[in-house]
Amino acid sequence: MKYRISEVGGWFIIGPSGNAENNEPLRVRHLFRRWLAREGVKVIVDLKDLSQFGVWEVGLLTSFKREIDQRAGVLRICRLNPNLNGYFHKDRFADQFDIYTDLESAIAGHRENR
C-alpha cells in the first residue's frame, strides 16, 4: 500500500492507495510515528483510492484509531468508495469511526446521515 500525506488547517490528511498487505497495521505505526505521536493529533484518512476493504484494511484503520486514541486525538474517515460503503456500514467497525462523505465535510465536522 502507498500513502500520501498532507496537512490542511491543523489536520493530517492521509490517503492510502492500492491494497493493504498482511503487515499493514505494523507499517502504519512505523511510517506515521512522527505524526501520530503528537498529543491531540487530528487525522483524516481519505479512502477515495482504496481499492478493496478487507481484513487488512480494517487492521489499517484500527491501527490508526488505536494510535490516535492513545494521544487523545481525533480520527475521521472520508470518501469511502461507494462500492465499499455498504460493506463498511454493515460491519461492526462502522460504529467505531466518524465517517464523512468528502474531505471538506470531514475537516468541518459535518457528518453524513446514516
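The values are calculated or read from the model by the stated rules, or taken from the named source; none is laboratory data. Predicted model only: the values in this text are computed from it and were never measured. Note: ideal-geometry Cβ built from the backbone for every residue, glycine included; neighbour counts use all protein chains shown. Ligands, DNA and RNA are stripped out before the accessible areas are found, and what is left, the full protein with its side chains, is counted by its heavy atoms. Shrake-Rupley method; radii C 1.70, N 1.55, O 1.52, S 1.80 Å.
Assorted remarks:
- Filtered by the rule that a residue be open to solvent by less than 50 Å² (accessible area, probe 1.4 Å) and modelled with pLDDT under 90, the stretch 1-22 gives M1, S17, G18, A20.
- Members of the stretch 34-86 found to be more than 14 Å from the chain's Cα centre (by Cα), closer than 19 Å to I13 by Cβ and among the β-branched types (V, I, T), listed by number: none
- Top-ranked residue of the stretch 26-53 - restricted to ones that are modelled with pLDDT under 85 and either within 21 Å of G109 (Cα to Cα) or of a type in the set (D, E) (or both), ranked as surrounded by the fewest Cβ atoms within 10 Å (Cβ to Cβ): R38
- The lone criterion from (1) modelled with pLDDT under 85; (2) touching a helix residue (DSSP H, G or I) at 6+ places or on another chain (Cβ under 6 Å); (3) under 19 Å from G109 (Cα atoms); (4) of a type outside the set (G, A, S) left unmet by W56 is number (3).
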